[in-house]
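The values are calculated or read from the model by the stated rules, or taken from the named source; none is laboratory data. As the structure is a computational prediction, the values presented were derived from the model and not from experiment. Methodologically, a virtual Cβ is constructed for each residue, glycine included, from the backbone with ideal geometry; neighbour enumeration extends over all protein chains shown.
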């Protein structure tokens with residue numbers, strides 16, 4: 001029974017987490033959970049506000065003698081990702097999460113657990129309810145719809161928060177202090193054209209398939225050097241166009257903007273006399289790619305199969321411009337952070353290349369923890385595609401959180417962790433988006449840190465949270481609030 005988790009320690013944190021498991025709260029369905037936390041604040045006699053987009057803010061006054069201390073904001077998001085196993089009958093709009101204990105972990109039966117970010121919400125509610133804790137003024141900010149678009153964070157207005165020290169409780173490994181994150185910008189690129197209907201007599205058609213790549217998250221996995229299927233496909237196409245007169249009919253590579261593309265496909269035509277050369281070149285390139293990515297990619301497959309002649313081709317000048325632009329497009333790691341060795345500062349992911357009737361779409365996600373670097377990366381990408389005659393549009397931009405090794409809250413929490421646990425916490429910058437980046441864009445003087453318990457496999461039915469690490473984070477937050485002057 002899911003109620004058994006209420007017996008876990010610290011009881012106040014797990015009790016609130018249990019309550020959250022009983023409230024359906026997938027992204028986009030925020031009314032019930034927002035009402036739950038707002039009612040909690042009002043029933044507790046605390047100042048409770050809700051802004052235009054639905055974010056809830058609860059203010060708890062300082063305990064006696066701590067009125068002059070800095071105001072600390074505890075921030076977490078209310079929504080969860082609704083994923084389930086195919087065999088499970090679960091309606092995320094109406095059904096509670098069936099959480100249970102398995103050894104040292106709390107899990108859910110066949111669905112996502114919602115510890116991302118339900119544990120953060122529960123930690124903040126426990127702070128608001130704790131009558132023994134000594135602290136300065138506290139603001140608990142509960143944002144909505146983080147998982148798809150970070151809509152709550154984007155909707156924040158200047159002046160809503162009084163505090164200028166923020167502890168985000170959405171990280172996923174205890175013992176790590178996150179002090180920065182990447183911002184991102186979407187580039188939407190398009191080539192428009194009139195289909196070419198002339199195909200020389202004697203030409204044949206082949207479908208090229210490049211599959212078996214690992215892919216991965218375009219932020220946190222970008223430093224691993226994994227192959228980008230779009231880049232590999234167009235590298236091959238460039239040589240074949242230059243040397244063997246192939247024509248491109250269609251192309252499709254990648255599926256999601258924030259995923260390194262694992263597969264790419266293309267339909268090409270060419271003189272039948274060159275068929276043996278094509279098969280040989282495909283085989284050679286497969287071996288070349290396997291050699292270049294040995295130890296990184298272990299299952300690259302590059303194949304060709306004959307198909308019926310297509311009805312149309314991409315015009316030769318558009319084809320050539322596209323191939324040259326893709327070949328010249330920056331992809332992967334672009335710059336590293338000096339103060340955080342081994343951490344990516346800026347990157348680009350050539351995520352999607354897709355053709356349809358009279359249109360080729362290219363979608364790229366540029367990331368950086370530095371706004372100026374992100375602008376520079378975007379400008380470079382825009383230039384190469386503009387020179388190729390494409391239309392370039394921007395969308396989905398969100399701020400990065402530029403790390404500061406001299407951050408006051410970072411210094412305080414490093415010291416507290418060292419004293420309590422006799423070891424230094426890891427200080428890290430994540431090359432992915434956190435709400436902290438958007439919040440810093442709205443509150444430039446906000447001093448921030450991000451922490452959390454050990455959470456594994458979020459966004460999947462295998463999601464689980466480590467029980468002991470939740471207690472450790474709870475003690476860490478309490479010690480921090482007691483320490484801040």
Somewhere in the range 423-433, is a residue assigned by TED's automatic domain parsing to the domain that holds residue 135 and assigned to a helix (DSSP H, G or I)? no
Exactly one of 162, 207 is in a loop (DSSP other than H, G, I, E, B) and at pLDDT 95 or above, and that one is 162
Scope the range 14-41; condition closer than 19 Å to residue 458 by Cβ and touching a strand residue (DSSP E or B) at 6+ places or on another chain (Cβ under 7 Å); matching residues: 21, 25, 26
Matching strands (runs of 3 or more DSSP E) fully within the range 306-393 where at least 1 residues are over 22 Å from the mean Cα position of the chain (by Cα) and buried (at least 17 other Cβ atoms within 10 Å of the Cβ): 344-356, 359-368
Taking the range 261-285 as the search range and keeping residues that are touching a strand residue (DSSP E or B) at 6+ places or on another chain (Cβ under 6 Å) and either farther than 16 Å from residue 205 by Cβ or assigned to a loop (DSSP other than H, G, I, E, B) (or both), which one is modelled with the lowest pLDDT? 261
Pick from 121, 106, 127: which is touching a residue at least 12 places away in the same chain (Cβ under 8 Å), part of a strand (DSSP E or B) and assigned by TED's automatic domain parsing to the domain that holds residue 47? 106
Could you tell me how many of the residues in the range 64-94 are surrounded by 14 or more Cβ atoms within 10 Å (Cβ to Cβ) and either at pLDDT 95 or above or assigned to a strand (DSSP E or B) (or both)? 16
Determine, yes or no, whether residue 12 is over 27 Å from the mean Cα position of the chain (by Cα), assigned by TED's automatic domain parsing to the domain that holds residue 463, surrounded by fewer than 22 Cβ atoms within 10 Å (Cβ to Cβ) and touching a residue at least 24 places away in the same chain (Cβ under 8 Å). yes
Filter the range 261-291 for residues that are within 14 Å of residue 236 (Cα to Cα) and surrounded by fewer than 15 Cβ atoms within 10 Å (Cβ to Cβ); which is farthest from the chain's Cα centre (by Cα)? 277
From the list 180, 219, 215, which one is outside any strand (DSSP E or B), within 30 Å of residue 371 (Cβ to Cβ) and either touching a residue at least 60 places away in the same chain (Cβ under 8 Å) or not assigned by TED's automatic domain parsing to the domain that holds residue 327 (or both)? 219
